[in-house]
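Reviewing the structure listed below.
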Amino acid sequence: MSNSPSSAPVSILLVEDNPGDVRLIEEAFKSAGFATTFHTVTDGAAAIDFLQDQAATDSGPNLDLMLLDLNLPRTDGFEVLETIKDDPALSSLPVLVLTSSEATEDIVKSYELCANAYLTKPTDPAEFADIGRAVEAFWIDEATLPPVPS
């Protein structure tokens, strides 16, 4: 992960299995007006592989944050959160859960597994742009992120 200067693209790992949501999320961030590089995987196992490969080498992209759906094939979002929490090389990566679930137990469990935020996907596609702007305003413009572990 990097603490990108505003001119550098924000590097985001998007873990989402719904192609329509992938498109909406990417368009939302583009409409928010900041440069973003998305690395997209469609299941939790691929997310874990991506993160572990990146942690093992310096050649992978440095990530600024991860957007994580909970309802994923093969390995669900909770297992991804648990892997991140238990791996010192990954534990400083800001993880924003972005899911359709409004279940209290999913919210509680996500925070117990060290998610940094829990966002519910909007039902109106136009509202995805609000999420892009909110993420930019807080996580990119305001928050100070930890340095990349060495």
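The values are calculated or read from the model by the stated rules, or taken from the named source; none is laboratory data. Bear in mind that the values here come from a model prediction, so they are computed numbers and not experimental data. Positions of Cβ are backbone-derived with ideal geometry, glycine not excepted, and every protein chain shown enters the neighbour counts. In case anyone asks, the SASA skips ligands and DNA or RNA and just uses the protein heavy atoms, side chains included. Shrake-Rupley method; radii C 1.70, N 1.55, O 1.52, S 1.80 Å.
Can you confirm whether Leu68 is modelled with pLDDT of 95 or more and closer than 15 Å to Asn18 by Cα? So Leu68 fits the description; yes. Open to solvent by 10 Å² or more (accessible area, probe 1.4 Å) and in a strand (DSSP E or B): is that true of Phe50 in this structure? Answer is no for this residue. When the residues of segment 89-133 are filtered to those that are of a type in the set (D, E, K, R) and touching a strand residue (DSSP E or B) at 6+ places or on another chain (Cβ under 8 Å), the one that is nearest to Ala143 (Cα to Cα) is Lys121. Looking for something modelled with pLDDT of 95 or more and part of a helix (DSSP H, G or I) - is there at least one such residue anywhere in segment 98-105? Yes, the conditions are met somewhere in segment 98-105. Scan segment 86-110 for residues that are under 14 Å from the mean Cα position of the chain (by Cα) and open to solvent by 30 Å² or more (accessible area, probe 1.4 Å) and the total you get is 2. Could you tell me whether Ala89 is small (Gly, Ala, Ser) and not in a loop (DSSP other than H, G, I, E, B)? It is false that Ala89 is small (Gly, Ala, Ser) and not in a loop (DSSP other than H, G, I, E, B). Thr75 meets the conditions (1) of a type in the set (Val, Ile, Thr); (2) in contact with a helix residue (DSSP H, G or I) (Cβ under 9 Å, 6 or more places away or on another chain); (3) surrounded by fewer than 19 Cβ atoms within 10 Å (Cβ to Cβ); (4) closer than 22 Å to Ala28 by Cα in every case but one. The failed one is (4). Pairs linking a residue in segment 42-57 that is among the small types (Gly, Ala, Ser) to a residue that is part of a helix (DSSP H, G or I), with Cβ atoms under 8 Å and 6 or more positions apart or on different chains, are Gly44/Gly77; Gly44/Glu79; Gly44/Val80; Ala47/Val80. So Thr37 clears everything in (1) more than 21 Å from Glu79 (Cα to Cα); (2) under 15 Å from the mean Cα position of the chain (by Cα); (3) open to solvent by less than 40 Å² (accessible area, probe 1.4 Å) except one condition, right? Which one? The single condition Thr37 does not satisfy is (3).
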